[in-house]
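Chemist: Supplied in structure tokens, the structure appears directly below.
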Amino acid sequence: MRLTVARVGRAHGLRGEVTVDVRTDVPERRFVPGASLYVVPGPDPRPVPGVLTIRSVRDHNGVLLLAFDEVVDRTGAEVLRNARLEADVPDDESEPDAWYDHQLVGLAAVDPAGVALGEIVAVQHPGAQDLLVVRRSDGQERLVPFVTAIVPAVDVAGGHVVIDAPPGLLDDLPEE
């Protein structure tokens, strides 16, 4: 299975390094010299390599910097901006209470009593915490923080996510 492990940010320096927005829980396993990553191009129309081999990995003031064998200068690094980096991940490499976006999208959202609330149509990763995008039966979409207090159970095999939503999160509060 191939999963997104990072999004390329800005070029850094003159020797082809790039900043990356890490999208994996195990960067120490994904970003090692010699590892190959598949490239899903960003909006830049210039051609990019289909596969990149990591030459070096380093932390720069809390920002992960990667250099690749196939990118030798700043111009090559700039072409990669906003590209997604993907890695092959074995199906058996999983953690309890950890799910990939593709496993969540399409699951039914139900309340603790099993009443249908809608469907998970996307997962957002804005920073502090992940958000589930729930499309209600009326077509409106609501953002639900993906935290245990609100989403106490995920049953991928059963096809549903339990959402214990506080008033106003998924429904409109009555006007007073």
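Chemist: Conditions: (1) touching a Lys or Arg at 6+ places or on another chain (Cβ under 6 Å); (2) open to solvent by less than 30 Å² (accessible area, probe 1.4 Å); (3) more than 20 Å from Asp73 (Cα to Cα). Ala11 meets all but one. Number of the miss?
Modeler: Of the numbered conditions (1) touching a Lys or Arg at 6+ places or on another chain (Cβ under 6 Å); (2) open to solvent by less than 30 Å² (accessible area, probe 1.4 Å); (3) more than 20 Å from Asp73 (Cα to Cα), the odd one out for Ala11 is (3).
Chemist: Additional query: Taking the stated definitions as given, is Asp101 surrounded by 11 or more Cβ atoms within 10 Å (Cβ to Cβ), of a type in the set (D, E, K, R), modelled with pLDDT under 90 and out of contact with any His (no Cβ under 9 Å at 6 or more places or on another chain)? Break it down into steps so the answer makes sense when it comes.
Modeler: Details: surrounded by 11 or more Cβ atoms within 10 Å (Cβ to Cβ): yes; of a type in the set (D, E, K, R): yes; modelled with pLDDT under 90: yes; out of contact with any His (no Cβ under 9 Å at 6 or more places or on another chain): no.
No: the conditions fail for Asp101.
Chemist: Let me ask something additional. Within the set of pairs 6+ apart or on separate chains, which have a first residue in region 69-87 that is over 13 Å from Val5 (Cα atoms) and without any contact (Cβ under 8 Å) to a residue 60 or more places away in the chain, a second that is of a type in the set (D, E, K, R) and open to solvent by less than 80 Å² (accessible area, probe 1.4 Å), and C-beta atoms under 8 Å apart?
Modeler: Hits for this filter: Val79/Asp44.
Chemist: Ok, one more. When region 51-79 is examined, which residues are found to be among the β-branched types (Val, Ile, Thr), closer than 15 Å to Ala11 by Cβ and either within 21 Å of the chain's Cα centre (by Cα) or surrounded by fewer than 15 Cβ atoms within 10 Å (Cβ to Cβ) (or both)? Show your work before the answer.
Modeler: Taking region 51-79 first, the residues among the β-branched types (Val, Ile, Thr) are 51, 53-54, 57, 63, 71-72, 75, 79.
Still in the list and also closer than 15 Å to Ala11 by Cβ: 63, 71-72, 75, 79.
Hits for region 51-79 are Val63, Val72, Thr75.
Conditions tested, residue by residue: (1) of a type outside the set (Lys, Arg); (2) closer than 30 Å to Leu170 by Cβ; (3) more than 20 Å from the chain's Cα centre (by Cα).
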residue: Met1; (1), (2), (3): yes, no, no
residue: Gly13; (1), (2), (3): yes, no, yes
residue: Arg81; (1), (2), (3): no, no, no
residue: His102; (1), (2), (3): yes, yes, no
residue: Leu107; (1), (2), (3): yes, yes, no
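The values are calculated or read from the model by the stated rules, or taken from the named source; none is laboratory data. Quick caveat, the model's predicted, so the values are computed rather than measured. Positions of Cβ are generated from backbone atoms using ideal geometry, with glycine treated the same way; all protein chains shown enter the neighbour counts. Side chains included, ligands, DNA and RNA excluded: accessible areas come from the protein's heavy atoms. Shrake-Rupley method; radii C 1.70, N 1.55, O 1.52, S 1.80 Å.
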